Structure formats: structure tokens, C-alpha cells
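Structure first, then comments.
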Amino acid sequence: MDIEPFALERWLAEHEHGAAVNLGDSGVRPLDADRFDTDPGTLGYVVPTNGDPDLRERVADRYDRGADEVLLTCGTQEANLLAVLATLDPSSHAVCVTPTYQSLYSLPAAVADVTRVELAAPEWTLDPDAVAEAIEPNTDLIVLNNPNNPTGKIHPEETVEACYDLAAAADAYLLADEVYRPLAAPDERVEPVASMGPHGISTCGLSKGWGLPGLRFGWLAGPPEVVSAAWAWKDYTTIAPPAFGQHVARQALDRETELLSENREHVRRNRDLLGEFAAEYGLDWHLPAGATGFLTVPDAFDSGEAFARALVDDGVVVVPGETFGRPGYVRVGFGAERETLREGLDRMATVIGGERGP
Ligand SMILES: Cc1ncc(COP(=O)(O)O)c(C=O)c1O
């Protein structure tokens, strides 16, 4: 099994630490731990190792599923890994919609054959006919990210349903990483695929919407055969969900309405700021849900990497579009503290070659 180096994570590992202004992250600025009780009591393994049954049931309610149709994981990342291991083997084929977060095509490609279906710029439209064409007799999995990282695109419900129907007709599963869904306004949210029927698998977690990436808390929800196969793999990955994570996750879910509306309000205001900047400097983007904008590169730069390197030299980290296979773009995270975003945009303006107004 070969795994591609994770271009985005390597770029961040190289540049994020010690940067004056970090606009490389894709989530909301993290919440302080002191907003929660952080004493879980004894630090034993979480038992049962698929996660506390009450908490699983609460998560399962979100999908109209039962507690045994949910596995609690170390972040959405582990949920995605386990979903791939549970559904693919070397004789399988997967259809992966890109550009997206690299695990959503490199993990399937480590196990099985992959055909990528590209979103069409500038609206980042997903064409279900292209997904249909990519399906092979041995297709076992179709992978989507909704809302999408890096573009912030919300694939509309009819498109997701069309993909679900294609998966069902192929006797395959549709896996949707929905980690940015809580950041979309409630009236913009698309039904999670795990609620669509027996071929839907949803992954999610508290890193992005709740602003709690350090908790490493996520989940996988879907049909019981997938969840139990994923649990069988989990015995070999991390055994159980994190005890701290589970303890704080209970509280974060109790306070979901308050925390999500606070975070959504924060990213909406920041999104307006980045939108004004983009308009001022003639950079195009598709108005994103989530907390990342995928912006075209200013004319003075040949590529996303050239622009991102010039910004790094000036202390600002953004992510070059090359890490998503789209060299004409950079991904700018706007979930940071407002002053941090302002400072980053001021520096960006200087790098582009103009002074910003007050
Ligand atoms: C689409 C997507 N899925 C999963 C992850 C990782 O999430 P977690 O911190 O919950 O493991 C990220 C992180 O950027 C992401 O963008």
C-alpha cells in the first residue's frame, strides 16, 4: 500500500509554525479550553471502544439512525480512513470528486483504483453525469466533500441525491465528508447523506464548526455493516475515541446552538472582509460556506505557489492551489481572529503591490 505525501499538511508543517499571520487553517479560530469542564475523571480507555453509547445515540439522532450505526473517532480524518478501509479493497474502484481535501482521494487511491471527477470552475459545479460516466462495474465508493474544501461550495441537495442514487444503483456507498456542514447557515444545509438511505455514509467532527480541532473528536455514521467493519479497523488504529475529546464533545454538543451561531457569525463577518479585499484586488472566488476562500492568483504572479511563497516571505501563510491540483488559486482561511485576518490582508496588499486604504 502506497500513500501520497499529504501536500497541504506538508506545506502547513513547513510554514505554519512561527508564521506572523496564519491564514492557512481551514476552520474557525479555536475556542479556549476554559469554556469547558476539562476533567474527565480517570483517564482510562473509553469503553466500549466504539464510543459512549449515549453519546453515539445523540450523534445518531442527527441522521435518524441508531447508536450502532455510529462510530466515534479521533477526528473526521480517522472517520474518513476507517470509511475507506471498511468499503474498499484492492479489487475495488472509487470515484472521488476533486479538488478536495487530499485524504478524500489519496486514501481511496492507497487501497483501490480511483477515477477523479473534477468540479467545474468558477462555480465549482458537480456534474452527476460525469460521476455516472466514471462508475465502473467494481465501483464500491463515491466520495464527496460537502461543503467542499477548498472552494467552500455547497453541492445542492438534488446533486447529492443524484450521486446517492448512482451509488445505490451501483450497489456502492456514497461517502460525504460533512465536516464543514455545521458552518453553513441552517437554511443552506443539505441533508446529510447518512440520512438518505442504506448507501449513505457521513463523516463529521468538532474541529471546524465548533472550533475544537485539538479535541480530535469526530464520527462516522452509516449503515451497520460499514460501521462495524470500520470499528474492526479501529481496533488497529486508535482503539477508542479520546477520553478528553469525548468528555468535552458532550458539552460542545449540549451547547451546539450557542457555539455554532457564535462561530458562524464570526466567519460571516470575516468572509465579508475577505470578499471586500478580493473585489478591491480583482481576485475571483465563489462565495464560500465554511471558512476558506479559493481565490484566483493576482496577475503579477505566475502561480498559486509563487504568490504563496511571496506571502510566506512577508510572514503570511496561505495554501497554494497546487496542493489541490489547481495552480491558478490560493486557499485563504478566514476563520482566524478578525485582527489576524486584517493584518494578513494588509500584508497581502503590500505583496500584491499596493497600499490598502484605511
Ligand atoms: C474536508 C476535511 N475533512 C477532514 C479534515 C480533518 O478534520 P479533523 O480535524 O476532524 O480530523 C479536514 C481538515 O482540514 C478537512 O478539510
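List of remarks:
- Unit charges at the beta carbon, dipole of the chain: most positive-side option, Ala230, Ile142, Ala308: Ala308
- Antiparallel DSSP beta bridges within the stretch 152-255, percent to nearest 5: 50
- Test item: Cα-centred dipole of the chain, Lys/Arg +1 and Asp/Glu -1 on Cβ, debye: 700
- The stretch 281-324: projected area of the alpha-carbon convex hull, averaged over directions, in nm²: 3.5
- Per residue, the convex hull spanned by the Cα atoms of the stretch 230-358 amounts to 159 cubic angstrom.
- For the stretch 130-199, the dipole from Cβ point charges (+1 on Lys and Arg, -1 on Asp and Glu) about the Cα centre works out to 260 debye, to the nearest 20.
- Karplus (6.51, -1.76, 1.60) ³J(HN,Hα), θ = phi - 60°, over the stretch 277-282, in Hz, Gly and Pro reported as x: 4, 4, 5, 4, 9, x
- Share antiparallel - DSSP beta bridges, the chain, percent rounded to 5: 45
- With the charge dipole of the chain set up from +1 on Lys and Arg Cβ and -1 on Asp and Glu Cβ about the Cα centre, the Cα lying farthest toward the positive end among the listed residues Thr49, Thr203, His247 is that of His247.
- The chain: radius of gyration and largest Cα-Cα distance (Dmax), Å: 19.9, 59
- Each helix, a run of at least 4 DSSP H residues, gives -39500 (n - 2.57); summed and divided by the residues of the chain, these come to -12000 deg cm²/dmol at 222 nm.
- You can think of it this way: the chain between Asp302 and Asp235 has 19.4 nm of extra reach, that is 0.36 nm per residue less the Cα-Cα gap.
- Angle of helix 338-352 to the longest C-alpha principal axis of the chain, folded into 0 to 90 degrees and rounded to 10: 50°.
- Look at where the Cα atoms of the stretch 306-358 and of the stretch 84-117 average out, and the two centres are 31 Å apart.
- Net charge of Cβ neighbours under 14 Å - reference Ser106; Lys, Arg +1; Asp, Glu -1: -3
- DSSP-assigned coil residues among GluC sites (Glu not before Pro) in the stretch 319-354, each with at most 16 further Cβ atoms within 10 Å: Glu337
- Viscosity 1.306 mPa s, temperature 10 °C, Stokes-Einstein D of the stretch 41-254 from Kirkwood C-alpha radius, µm²/s: 94
- Dipole magnitude for the stretch 41-254: computed about the Cα centre from +1 point charges on Lys and Arg Cβ and -1 point charges on Asp and Glu Cβ, it is near 960 debye.
- For the stretch 252-264, Karplus couplings with θ = phi - 60° (6.51, -1.76, 1.60), whole Hz, Gly/Pro x: 5, 6, 4, 9, 4, 4, 5, 5, 5, 6, 4, 5, 5
- Nearest 10 degrees, 0 to 90: helix 304-313 Cα axis against the chain principal axis: 70
Here, each number is a calculation from the coordinates, and none is a lab measurement. Here the structure is a predicted model, which is why all the values come from computation and not from measurement. Heads up, the Cβs are rebuilt from the backbone with ideal geometry, glycines too, and the neighbour counts pull from every protein chain shown.
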